[in-house]
Amino acid sequence: MSRTEHGRGRANTGRRYGDALEDAILGATWKLLADSGFTAVTFEAVAAAAQTSRSVVYRRWRSRDELIEAAVAWQWSRERTPIPDTGSLRGDVLALMTTSVAAHSQLQVVASLQLMSYFSQSGSSLEEFRTSVLSNETLAMPTMLMRAQQRGEVDITGVPERVLNLPVEILRGRVLTSREAPSLAECEAIIDEVYFPLLRAYGAVSG
C-alpha cells in the first residue's frame with residue numbers, strides 16, 4: 001500500500017494518517033539521529049517524539065536499521081535540488097558543488113560520523129549506505145557529463161568513473177573532514193586546477 005493510500009477514506013478527526021503520520025515519524029527519527037546519534041534511535045523514543053505509539057512505528061519499519069535508512073532517505077529527498085543545466089560542463093559542476101551537494105553538508109556529516117555504530121552493527125560501510133539510501137544523487141555527474149558529451153564539449157569514452165566523479169568526491173571528503181563546504185573560490189580551483197586538467201590528460205577535453 002502506498003503512503004497516500006494509508007490516508008484515503010479517513011474522516012478528519014484530528015488524528016494523523018498516511019503521509020502526515022509518516023513524515024512525523026521520519027522527522028522525529030532524523031532529529032534524534034542528528035542530535036544524539038544512532039543509539040538514541042529506538043522505537044520508543046521515536047514514537048514519543050512523533051506523538052504516536054510504538055506499534056504504529058513498528059508496523060511500518062520492522063527494524064531500527066530500516067527506520068534509520070528511511071529517515072536519512074526522507075531527509076535527503078527534502079533537501080534534493082534539481083540537477084544543474086547551465087549550458088556548460090564547468091557551469092554545471094560549479095553549480096552542483098556550490099548548491100546541490102553543499103546543501104547536504106549536515107546530512108553528509110550525520111550520515112558518516114553519527115552512524116559509526118550503525119555501520120559496526122550492520123556490517124555495512126559508508127559507501128554501501130550512501131549507495132543504497134542516497135542513490136538518486138549519484139545521477140547528477142553522469143547526467144551532466146552526458147549532456148556535455150551531446151553538446152560536443154567532452155568525450156568521456158574510456159575515462160574512469162573515479163575521474164569523472166572527482167569534484168563530488170573531493171567535496172564530500174571536505175565536508176566530512178571539516179564539516180563545512182568549500183568556498184566558491186575553492187570550488188572553482190578544484191574545477192580549473194584539478195578536474196579539467198585531469199580530463200585533458202585522459203583526452204576527454206581538448207585545448
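Computed from the coordinates by the stated procedures, all read-outs in this text should not be read as laboratory data. These numbers were taken from a predicted model, which means no experiment stands behind them. As a convention, Cβ positions derive from the backbone with ideal geometry for all residues, glycine included, and neighbour counts pool all protein chains shown.
Give the residues of region 16-43 whose amide nitrogen is closer than 17 Å to a point set 7 Å from the Cα of SER63 in the direction of its Cβ.
The answer is 38-39, 41-43, whose backbone nitrogens lie closer than 17 Å to the label point.
Just to verify a number: FRET efficiency for ALA48 and SER77, C-beta to C-beta distance, R0 = 22 Å, to 0.05?
Efficiency for this residue pair is about 0.35.
State the extension gain, in nm to one decimal, for the chain segment bounded by THR99 and ALA20, taking 0.36 nm per residue of separation less the distance between their alpha-carbons.
25.6 nm
7 Å from Cα along Cα→Cβ at both ALA201 and GLN150: what's the point-to-point distance in nm?
Between ALA201 and GLN150, the label points sit 3.0 nm apart.
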